[in-house]
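The values are calculated or read from the model by the stated rules, or taken from the named source; none is laboratory data. Model, not experiment: these values are computed from the prediction. No Cβ is skipped: glycine too gets one built from the backbone with ideal geometry, and neighbour counts run over all protein chains shown. In case anyone asks, the SASA skips ligands and DNA or RNA and just uses the protein heavy atoms, side chains included. Shrake-Rupley method; radii C 1.70, N 1.55, O 1.52, S 1.80 Å.
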Amino acid sequence: MSNFVKVANTADIPSGSRYWVELKEETVVIFSVNDHFYAIADLCTHDDGPLEDGELRDYEVMCPRHGARFDIRTGAALCLPATSPVPTYEVKVVGDDIYIKSPDEY
């Protein structure tokens, strides 16, 4: 797991919440939904705005600026004005520790 970085503990991100982390020059948001963790770049592909404060419904996060929605599992842009996917990061849970694949690995 040398290319994975520990970012949080499972207790830090209860189901339905999110956790923000800076990794080098990347800002990543980790979402907890139904006891699974998903990590995406904190970046709306429409205007580079942050997704961190966007409304989360099921597996969709909505950009608070213009309403673009993204699937946190795949990064897919689900509606205009965004047309490009948001970067996603592989997540592993080992015991109570949450790791994401280093952005340098992509």
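Just a few scattered comments:
- Ser15 accessible area, 1.4 Å probe, all protein chains in place, Å² to nearest 10: 70
- log₁₀ of I(q)/I(0) at q = 0.21 Å⁻¹ - region 54-106, Debye sum with one point per alpha carbon: -0.81
- Where no second cysteine Cβ lies under 4.7 Å, the cysteines concerned in the chain: Cys79
- Percentage relative contact order, the chain, counting C-alpha pairs under 8 Å, at least six apart: 27
- The chain, accessible surface, carbon-and-sulfur percent (1.4 angstrom probe): 45
- Its Cα gyration tensor gives the chain an equivalent ellipsoid. The semi-axes, each the square root of 5 times an eigenvalue, are 22, 15, 11 Å from largest down.
- Volume per residue of the C-alpha convex hull in region 12-69, rounded to whole Å³: 71
- Computed with a 1.4 Å probe over protein heavy atoms only, the accessible surface of region 1-40 comes to 56 Å² per residue.
- For region 20-83, the set of GluC sites (Glu not before Pro) satisfying both a DSSP loop assignment and a count of at most 14 other C-beta atoms within 10 Å is given as Glu25, Glu55.
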